[in-house]
Amino acid sequence: MLSLIGWLFGLAVATCATVLAAGLIDPKLHMAACGLVALAITLLAIHDHQRLINNGAVPNAIGSSTARYLGLVWAWGALSILAISLFVLEKVWPEWWQFFIGFAFAAVASIAFATLLDRDRAAGRSDPMLTKAGRILAQVQIVGMAVGVISLFVDKKFPRDVAYADWAGNNILFFGALAIAAISIDALRSPAHV
């Protein structure tokens, strides 16, 4: 499971890579950076999930790990959109702050859920209702991410030319949605998971 320092380091590296790639104003390079960040976080989450299952971890530990990785993706999206919108883009993307707030809220909620699971585990408890809520939240995120990805294609917002102010944000949205969906699907594949 990610330590706090590892989580913050991963967040810093992911955000810096995404912002620096956006600064080059090359949408293909930025898509590649977003794709690599999303893939790296997803693979780390899946690896950690499998390791916990193989070691016989309790459902709370597995659920906490999953929630922390989901929080990492949401936080990466929020901070990347904030930094790119404030410091990189010349054109103003009017909706950037709405995505920032939504992603930041989802990140905080994910970390709060992970902390709640950790507290129960430390106290030697396992709440079946909390476990069920975690599974439902993962399912809701999968559906939400599928709708988000489809809407990007239907609205012709991905891939996006740099002539549009939301080009970098849409790259983050697309690859972040894929990461959230993949981590959530992996989390649901095991009955041992929250």
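Backbone phi angles across the range 145-153, fed through the Karplus curve with coefficients 6.51, -1.76 and 1.60 (θ = phi - 60°), yield HN-Hα couplings of 5, 4, 4, x, 5, 4, 5, 4, 6 Hz in residue order; Gly and Pro are listed as x. If the chain linking I185 and Q139 were pulled fully straight, counting 0.36 nm for each residue of separation and taking away their Cα-Cα distance, it would gain 15.8 nm.
Note on the range 4-189: Lys pairs 8 or more places apart or on different chains, Cα atoms under 27 Å apart, count 5. Each Cα pair of the range 52-100 feeds into the Kirkwood radius, which the Stokes-Einstein equation turns, at 10 °C and 1.306 mPa s, into a diffusion coefficient of 123 µm²/s.
Relative to the longest principal Cα axis of the chain, at what angle does helix 96-122 sit, 0 to 90 degrees, rounded to 10? Approximately 10 degrees, to the nearest 10. For the chain, the spread of Cα positions along the three principal axes, ordered from largest to smallest, is 54, 34, 26 Å.
Every number here is computed from the coordinates shown, using simple stated rules; none is lab data. The structure displayed is predicted, hence computed values, not measured ones.
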